[in-house]
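Here the structure comes first, spelled out in structure tokens, and everything after it is commentary.
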Amino acid sequence: MKNDYASVMARKGEIMKKAIGIDFSAFESGSIAFDYERMMKETGYTLAEMQSIQRQVHVGDTPILELRNLTALARKCAKPGYGARIFIKDEAANPSGSFKARRAANSVYHAKRLGFPGVVTATSGNYGAGVASQAAMAGLKCIVVQECYDSRGVGQPEIIEKARKCEALGAEVVQLSVGPELFYKFLLLLEETGFFNASLYTPFGIAGVETLGYEIAMQFRERLGKDPDVVICTNAGGGNLTGTARGLKKAGAESLVVGASVDLSGLHMASDDQFNRKSFTTGHTGFGVPFAVWPDRSDVPRSAARPLRYMDRYVTITQGDVFYITEALASLEGLEKGPAGNTSLAAAFAIAREMPEDQTIVVQETEYTGAGKHHQPQLTFARQNGIEVRFGDPAEEVPGRNIILPSHPSLIRAKDVDLDKLRRSLIRTAVQACKGVPTEEDMAFLAEETKTCREFVEKALQEKEEER
């Protein structure tokens with residue numbers, strides 16, 4: 001077989017089917033719609049099975065911590081009677097240091113069950129560490145394909161730190177420069193090794209996060225006698241929010257699900273010259289918005305991460321907000337956590353000030369920190385790349401040009417993303433890709449995909465026609 005780029009891409013469907021063991025076409029109708037719930041049910045595991053799998057490998061049952069000092073600070077910045085209690089789910093307590101151990105536990109378990117000799121995953125790092133950790137426990141080989149450098153060979157400290165973590169846990173790390181070669185190399189490795197595709201976006205991976213949402217509901221009920229009012233999920237590829245929301249739903253919780261991303265607008269997610277001009281490799285709008293409006297751009301034919309099905313609100317905060325709240329968490333609460341969970345924590349600090357004191361808000365994941373993942377080396381790296389770092393109003397931050405730490409905590413603000421705009425974009429993109437007249441089944445599917453109704457879908461399509 002030819003191994004040039006075009007030839008490998010031409011057979012990607014065949015490679016994926018063999019490496020995952022799922023025939024995604026079995027869930028498709030031949031048009032826009034596909035049976036998402038049947039895909040999740042027939043290729044995943046029950047909640048009880050997932051909990052059992054994870055407990056055997058020391059994953060899950062992580063504690064919920066109340067941040068009393070950060071809550072007190074939020075109340076000082078809010079009007080009288082406002083400032084919800086802020087909690088975090090301490091997912092750094094998992095073996096690999098993040099919630100992605102939940103995704104990895106299910107994927108690796110399934111790979112071993114099917115008899116694969118090893119696993120391959122393409123990731124910037126935290127998930128790679130989770131897969132490496134679980135593969136080590138299962139006695140499987142592990143390869144992590146990582147987009148690490150720009151064309152000059154310069155890598156971000158956070159990504160390089162994650163590579164060290166993966167290697168320490170026994171994985172072989174294949175480091176590449178930013179661009180389309182990542183997916184190409186990933187496919188080649190799957191084909192050459194015959195390993196399992198431990199993708200972030202398979203039903204196994206997304207279902208693994210359901211235990212997290214379920215635990216949050218159960219722990220809050222036991223501790224406070226009620227569900228949290230708001231659950232905030234850092235959102236990039238959408239799997240974190242999707243899995244957590246599905247778990248909350250299985251627990252019967254009616255908590256508001258909020259997605260949070262770092263605003264890196266203006267910086268392209270796959271641009272070589274912009275790669276090192278952003279200080280975040282995860283949880284940013286460069287991934288969050290594109291994956292929300294077209295989930296199937298992922299490395300599987302049908303992504304199980306579909307955040308617009310579950311998102312009630314979507315907000316962005318700035319890089320400066322996240323670095324400030326990371327310092328505040330350490331100084332006020334004695335806890336050092338990495339940037340992904342602190343993306344949601346910065347949003348939680350802002351949103352808590354909108355809520356009455358008797359309400360609760362929980363950040364549903366935290367991650368480990370250290371060395372390159374710490375905010376100080378990231379800020380140093382930003383300065384080395386010509387990024388201005390100063391105190392002021394984060395609202396004036398221009399991604400790729402400066403990082404503005406808030407001169408006062410009251411300046412940490414959550415900026416709402418227009419969810420209806422994203423929903424209309426998904427609907428129009430799906431219909432355009434289909435290149436046909438949507439069927440009744442398609443219309444119902446698009447309403448479910450966007451958490452709306454048939455009337456909303458019809459209006460979005462009508463507006464598109466009028467624009468023409």
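Annotations for the structure displayed:
- Cα centroid separation, the range 309-364 to the range 188-231 (Å): 20
- Whole-Hz couplings from phi, Karplus 6.51/-1.76/1.60, listed for the range 365-380; x for Gly and Pro: 7, 10, 9, 5, 9, x, 6, x, 7, 5, 5, 5, x, 5, 5, 4
- Projected-area average for the range 33-154 over all orientations - Cα convex hull basis, square nanometres: 13.1
- The range 371-419 and the range 35-60: distance between their alpha carbon centers, rounded to Å: 38
- Entries of Lys249/Lys415; Lys100/Lys250; Lys249/Lys464; Lys76/Lys337 with Cα pairs more than 28 Å apart: Lys249/Lys464
- Over the range 315-468, equivalent-ellipsoid semi-axes from the Cα gyration tensor in Å: 39, 19, 15
- Remark on Gly338: its backbone amide H falls under 5 Å from those of Glu367, Tyr368, Thr369, a criterion applied only to residues 5 or more positions apart or on other chains, H modelled at 1.01 Å from N.
- Rg [Å, one decimal], Dmax [Å, integer] - the range 130-239, C-alpha atoms: 17.7, 55
- Backbone geometry of the range 193-204 corresponds, through the Karplus equation with coefficients 6.51, -1.76 and 1.60 at θ = phi - 60°, to 3J(HN,Hα) couplings of 8, x, 7, 6, 7, 7, 5, 5, 10, 6, x, 5 Hz, x marking Gly and Pro.
- With a Förster radius of 41 Å applied to the C-beta separation of Gln359 and Asp35, the computed FRET efficiency comes to 0.65.
- Amide H partners (placed H, <5 Å) of Phe391, local residues excluded: Leu405
- Proximal aspartates and glutamates to Lys162, defined as alpha-carbon separation beneath 16 angstrom and excluding residues fewer than eight positions away on the same chain: Glu147, Glu172, Glu367
- Rounded to whole Hz, the Karplus (6.51, -1.76, 1.60) HN-Hα couplings of the range 271-285, x for glycine and proline: 8, 4, 6, 9, 3, 9, 9, 10, 9, 9, 9, 8, x, 10, 5
- Convex hull of Cα atoms in the chain, direction-averaged projection (nm²): 21.7
- The protection proxy used here, the mean number of other Cβ atoms lying within 10 Å of each residue, ranks peptides 303-316, 415-428 as follows, highest first: 303-316, 415-428.
- The Cβ shell under 14 Å around Leu169 holds other residues with a net charge of +2, Lys and Arg each +1, Asp and Glu each -1.
- Within the accessible area of the range 202-325 (1.4 Å probe), percent carbon and sulfur: 49
- For Ala260, the residues whose modelled amide H falls within less than 5 Å of its own, excluding neighbours fewer than 5 places apart on the same chain, are Cys233, Thr234, Asn235, Val315.
- Scaled against 2.2 N^0.38 Å for its residue count N, the alpha carbon radius of gyration of the range 188-303 is 1.25.
The values are calculated or read from the model by the stated rules, or taken from the named source; none is laboratory data. This structure is a prediction, so every number in the text was calculated from the model and none was measured. Methodologically, a virtual Cβ is constructed for each residue, glycine included, from the backbone with ideal geometry; neighbour enumeration extends over all protein chains shown. Protein only, heavy atoms only, side chains kept; ligands, DNA and RNA dropped before computing areas. Shrake-Rupley method; radii C 1.70, N 1.55, O 1.52, S 1.80 Å.
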